[in-house]
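Single-structure report; data block below.
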Amino acid sequence: MRVKHNFSRLLSRGLLLATAFLLTACGKNELYQQESYVFGTRVQISIYGLDEAVAAKHAAAVLAELDRLHRKLHAWQPSEITRLNTAFKNGETTEVDLELLAMLNAAKNYAQQSDQLFNPAVGGLVTLWGFHRDTFAPVIADQQKIAALLAAQPTMNNLVIDGANVSSNNPAVEIDLGGFAKGWALDHSAKYLRQQRVLNALINIGGNVLALGKKDQEPWTVGLQHPRQPEAMATIALKDGESIGTSGDYQRYFMLGNKRYSHLIDPRTGQPAQGVQAVSIIAPPSQNAGLISDVATKPMFIGGVASSWMYAQRFGVKDVLVINEQGDAFISASLQARIKWLKKPTHLYRLR
């Protein structure tokens, strides 16, 4: 039996791999980087072409905002989210600020767009599987409790929003924005940097990356984590405003016997999703590119290879890579034209 108690080492390694390719191409005086640990993962802000003091100021401001969002949205430590969930459980109405209100409305819309495969209201399932804690044990969730929660059918449609007041007509609703927060944070950070005229930067939140501008005359190039090996499997050059996101079963998981159980729970069955190792997409430039790159991978991962292209189209995404449980790769034509393989999968299929 093997259990992965602390996933930060792997995520840290993935982050370093993702940024290693841009380090060699820039002079030390032109590329400024700051790192931190936010949202349970390593975060890196890279800024090109500014004086070090100016770059440091803006990077620090971004990291401070990310830390604020992390504390606000934490799923199990005291936060605005836990306060909201307590109110729902007790049948109470609570007031939220405009920022959280916007998040809840956006999450509700994305849930509908994904046929509820992205469902932030099923935080109770994540709790039952033991992933709402910093370390977790290889324990199968209580199937009777899962059945009861599935019978209650909590969704974001259960939220009752009246101005700034929010309640739920279903006490089983437990909000978990873990599949949403990194994308929101990417867009929030990009908006700040653009407003401050920081036009060439790379924001990397645990492998979810948004690119602004270029590094000198070259695009920002990132590495794509191999889902089963501690190294990059490919590199991808990102265009200005694009955001790349990945959902994988190699981040928060445990092994029991020969079976892998990840934190990506199928809300239809209450079980960790099976059949896919990783889904990566590139969201085209938009004010919601970060959110799309984070959210869209969830229904694609949970729905599996067969429905992944359908969900990609719904979210306006053309660049898609899906790795199934056998390690076979399914890739869209547009992404195949721009990806550079370091460890090419044995079997590579066209995704359409």
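Annotations for the structure displayed:
- Sequence-distant lysines (8 or more away, or on other chains) whose Cα lies within less than 23 Å of Lys340: Lys214, Lys215, Lys239, Lys318
- Secondary-structure-derived ellipticity at 222 nm for the chain, considering helices only, amounts to -10500 deg cm²/dmol, per-run term -39500 (n - 2.57) for DSSP H runs with n ≥ 4.
- Here Glu218 sits with roughly 100 square angstrom of accessible surface, probe radius 1.4 Å.
- Taking amide H atoms as placed 1.01 Å from N in the peptide plane, the amide H of Lys215 lies under 5 Å from those of Trp220, each 5 or more residues away in sequence or on another chain.
- Against the main long axis of the alpha-carbon atoms of the chain, helix 143-152 sits at an angle near 90°.
- Across the protein chains, with a 1.4 Å probe defining accessible surface, the residues Met156, Met255 rank Met255, Met156 from largest area downward.
- Check: the chain dipole with +1 on Lys, Arg Cβ and -1 on Asp, Glu Cβ, in debye: 920
- Counting only Cα atoms, the chain measures 57, 46, 37 Å along its principal axes, largest extent leading.
- Between the helical axis of 98-113 and the longest alpha-carbon principal axis of the chain there is an angle of about 80 degrees.
- Since only His226, Gln287, Trp76 are under comparison, the one whose Cα sits farthest along the positive direction of the charge dipole of the chain, derived from C-beta charges on Lys, Arg, Asp and Glu, is His226.
- Remark on Val276: its backbone amide H falls under 5 Å from those of Glu325, a criterion applied only to residues 5 or more positions apart or on other chains, H modelled at 1.01 Å from N.
- Per DSSP, loop trypsin sites (Lys or Arg not before Pro) in segment 231-269 with at most 15 further Cβ within 10 Å: Lys239, Arg268
- Highest-MSF residue in the chain out of Ala337, Ala201, Ala289 [GNM, Cα springs under 10 Å]: Ala337
- Mean sequence separation of contacting Cα pairs (under 8 Å, at least six apart), scaled by the length of segment 30-351, corresponds to a relative contact order of 16 percent.
- Centre separation in Å (Cα based) which lies between segment 298-340 and segment 81-113: 30
- Across segment 55-66, coupling constants 3J(HN,Hα) worked out from phi with the 6.51/-1.76/1.60 Karplus curve, θ = phi - 60°, read 4, 4, 4, 6, 5, 5, 5, 5, 5, 5, 5, 5 Hz, and Gly and Pro carry x.
- Relative to the longest principal axis of the Cα atoms of the chain, the long axis of helix 80-89 lies at roughly 20 degrees.
The values are calculated or read from the model by the stated rules, or taken from the named source; none is laboratory data. Since we're looking at a predicted model, the values are computed, not measured. Counting neighbours? That spans all protein chains shown, and the Cβs are built from the backbone with ideal geometry, glycine included. With ligands, DNA and RNA removed, areas are computed over all heavy atoms of the protein, side chains included. Shrake-Rupley method; radii C 1.70, N 1.55, O 1.52, S 1.80 Å.
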